[in-house]
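Just below is one structure, and these are the notes that go with it.
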Amino acid sequence: MFCYQCQETMKGTGCILKGVCGKESHTAKAMDLLMFVVRGVSVIADELRNAGHAVSPEVNRFVVDSLFCTITNANFDDESILCRVDKGMELRNRLMEEAGNKGISLPAIDELQWQGGREEYASKAETVGVLREPDVDLRSLKELMTYGLKGMAAYLEHAMRLGYDDASIHTFMQHALAASAAKSLSADEWVKMVLQTGEYGVKTMALLDKANTSRYGNPEITKVNIGVGKRPGILISGHDLKDMEELLKQTEGTGVDVYTHSEMLPAHYYPAFKKYSHFVGNYGNAWWKQREEFTTFNGPILFTTNCIVPPLANAEYKERMFTTNSTGYPGCKYIQADAEGRKDFSEIIEIAKQCQPPTEIEHGEIIGGFAHNQVLQLADKVVDAVKSGAIRKFVVMAGCDGRMKSRDYYTEFAKALPKDTVILTAGCAKYRYNKLPLGDINGIPRVLDAGQCNDSYSLAVIAMKLKEVFELNDINELPIVYNIAWYEQKAVIVLLALLSLGVKKIHLGPTLPAFLSPNVAKVLVDTFQIGTISDVEDDLKIFQLS
Ligand code: FS2
Ligand code: SF4
């Protein structure tokens, strides 16, 4: 295996025997084969569209779901991945026949010609991974784009589950994947494709924002309980708000409470979910603390998306773990949607009734809900605070959390920030500082949490609005600096989206991606002045915050 798609990759270069994330070599290879099939399907879909033909929604769903299931910590279940390979091979062959019937000639590439069965999957997978591209810079650009597409797929899938879709996003996604299989583009052309991926990233995040807010209302300032109640509970993790809605509805009146974990915390900010009295609070912290926190939670856990940490062999909570959507874990029950997209959570609810209530690990409240609509309602207050000098700078500290010790930096950085600065956050990165007593500035909390990682879109909307209010020509003239933490591929699409909006001087940490070759990293540094982090004191100087 060779995988270097996340920040925790082995030795900062690539996982080769087993993933640091716990992904086994055979699982990584199954994912490589799935990506090979996805590229094949995309090549034909792209050719069909180029010739003016419609492409079935089945293709869109297959590509989106397959990309999503290969994201870090989403799916550890070989059988679930290989079933997608089977389905993709069948779909590809049907599309090839359709293209042939329409007189469309297809490129003679392995992605379309290979016809192996299950018994050959493992050996084929060895030849189709990341290292199939020998040129280190082209590989870097193709993978940067592919990881951006994976993140985009995750956000698109959530929007699609809520009935929001945009054909142009699928068209681009499949066009880009097709290019990575069938086109010999120059490095400059790949750079353009990477930046275009960022543009579609903005479009996708905007679509998901519209889906979430149209369906559940605009997030509003909310105090979220981090303690526990006296009844048994179900813990819901991930980013899928449709699952959140269905779980709240189905648990109502059952005597079972619902708690969020990690990236699901922002569900509490939505008016549509606040009305449920059994929606008690948020339990615990970011994804990587789940082994301890799931043990003390005592009740069932539903994963709607990544991040899954493989449970230890003797973890009794494994019996209580459920997956759905693109996620999977061997031995854990998978909740399938019916033909109308509905899910039956009754088994989880019945198990919860037999469980002890959660053991309290924290007490108190945290505040959040500062997505674009809420912040823009406070715009006068915010603008006054900037004009009077009460707020000197905003520091965007969005992104992901992770288990590396080096991420303590973000807690220390937040603590060391001058008191006239405000942190704008989104994503699970917030757990590094959202429980610190950082206070407020004229009633404006010093940590403004917009929501999930996809709500980084909200931060961009806020920045663009401030640019307008202050009558600036360039978003980079705003008193905003960016110190972003990344972990997996959704952070890649967030980064590409910010670059496409013209944001410069983003600092990315705790380390730069292993998949950026020195030359590609240089392009990003030269064009966008991207930087990384060093230590808190030096970085405060660099950001002119000391
Ligand atoms: Fe965090 Fe994991 Fe949001 Fe990522 S819970 S690193 O999936 O997408 O952020
Ligand atoms: Fe390694 Fe990250 Fe890939 Fe897992 S996802 S195998 S930790 S690079």
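The values are calculated or read from the model by the stated rules, or taken from the named source; none is laboratory data. Since this is a predicted model, take the numbers as computed values, not measurements. Note that each Cβ is placed from the backbone with ideal geometry, even for glycine, and that neighbours are counted across all protein chains shown. For accessibility, only protein heavy atoms count, side chains too; no ligands or nucleic acids. Shrake-Rupley method; radii C 1.70, N 1.55, O 1.52, S 1.80 Å.
Packing order of peptides 479-491, 286-298, highest average first: 479-491, 286-298 (average count of other Cβ atoms within 10 Å over each peptide's residues).
Counting only Cβ charges, +1 for Lys and Arg and -1 for Asp and Glu, the dipole size of region 69-128 around its Cα centre is about 280 debye.
The separation of region 363-402 from region 89-121, counted between C-alpha centres, amounts to 51 Å. Subtracting the Cα-Cα distance of ASP344 and ARG231 from 0.36 nm times their residue separation leaves 38.5 nm of extension gain. Across the chain the C-alpha pair distances fall into 10 Å bins from zero in the proportions 4, 19, 30, 27, 16, 5, 1 percent.
The slack in the chain from ASP535 to GLU189, taken as 0.36 nm per residue of separation less the alpha-carbon distance, amounts to 121.0 nm.
Per residue, region 1-128 exposes an accessible area of 39 Å² to a 1.4 Å probe, with every protein chain left in place.
Please report, as a whole percent, how much of the solvent-accessible surface of region 81-223 comes from carbon and sulfur atoms (probe radius 1.4 Å). Its accessible area is 51 percent carbon and sulfur atoms. The portion of the accessible surface of region 346-429 made up by carbon and sulfur, rounded to a whole percent, is 52 (1.4 Å probe; DNA, RNA and ligands excluded). Give the share of C-alpha pairs in each 5 angstrom bin for region 415-518, from 0 to the last occupied bin, in whole percents, shortest bins first. Each 5 Å bin holds this share of Cα pairs: 2, 11, 20, 24, 21, 14, 6, 1, 0, 0. Peptides 84-97, 395-408, 425-438 ordered by packing proxy, namely the average of other Cβ atoms within 10 Å per residue, highest first: 425-438, 395-408, 84-97. Can you give me the accessible area per residue for region 418-505, using a 1.4 Å probe, in Å²? For region 418-505, the per-residue accessible area is 32 Å². Here the spin labels are modelled as points 7 Å beyond Cα on the Cα-Cβ line, and at LEU472 and LYS522 they lie 3.1 nm apart. The helix-based estimate of mean residue ellipticity at 222 nm for the chain, built from -39,500 (n - 2.57) per DSSP H run of four or more residues and divided by its residue count, is -14500 deg cm²/dmol to the nearest 500.
What you get for region 260-364, charging only the Cβ of Lys and Arg (+1) and of Asp and Glu (-1), is a dipole of about 140 debye around the Cα centre. Accessible surface for region 235-285, divided over its residues, is 22 Å² per residue with a 1.4 Å probe. DSSP beta bridges confined to the chain are antiparallel in about 20 percent of cases. When +1 charges are put on Lys and Arg Cβ atoms and -1 charges on Asp and Glu Cβ atoms, the dipole computed for region 194-343 relative to its Cα centre reaches about 220 debye. Each peptide in 131-139, 207-215 gets a packing score, the mean of other Cβ atoms within 10 Å over its residues, and the list from highest to lowest is 207-215, 131-139.
Whole-Hz Karplus values for region 124-134 come out as 5, 4, 4, 9, 10, x, 4, 6, 4, 8, x Hz, taken residue by residue from phi with 6.51 cos²θ - 1.76 cosθ + 1.60 and θ = phi - 60°; glycine and proline positions read x. Counted residue by residue at 0.36 nm each, then reduced by the alpha carbon distance between them, the extension gain from THR359 to LYS274 reaches 28.3 nm. Of the residues ALA450, THR359, ILE462, the one whose Cα sits farthest towards the positive end of the charge dipole of region 340-465 is ILE462 (charges of +1 on Lys and Arg Cβ, -1 on Asp and Glu Cβ, taken about the Cα centre). Less than 5 angstrom separates the built amide H of ILE441 from those of ARG446, all sequence-distant by 5 or more or on a different chain. I want to make sure I understand the PRE zone here: with the label point 7 angstrom from the Cα of ASP137 toward its beta carbon, which residues in region 507-546 have backbone N atoms less than 12 Å away? Counting only backbone N, you get 517-524.
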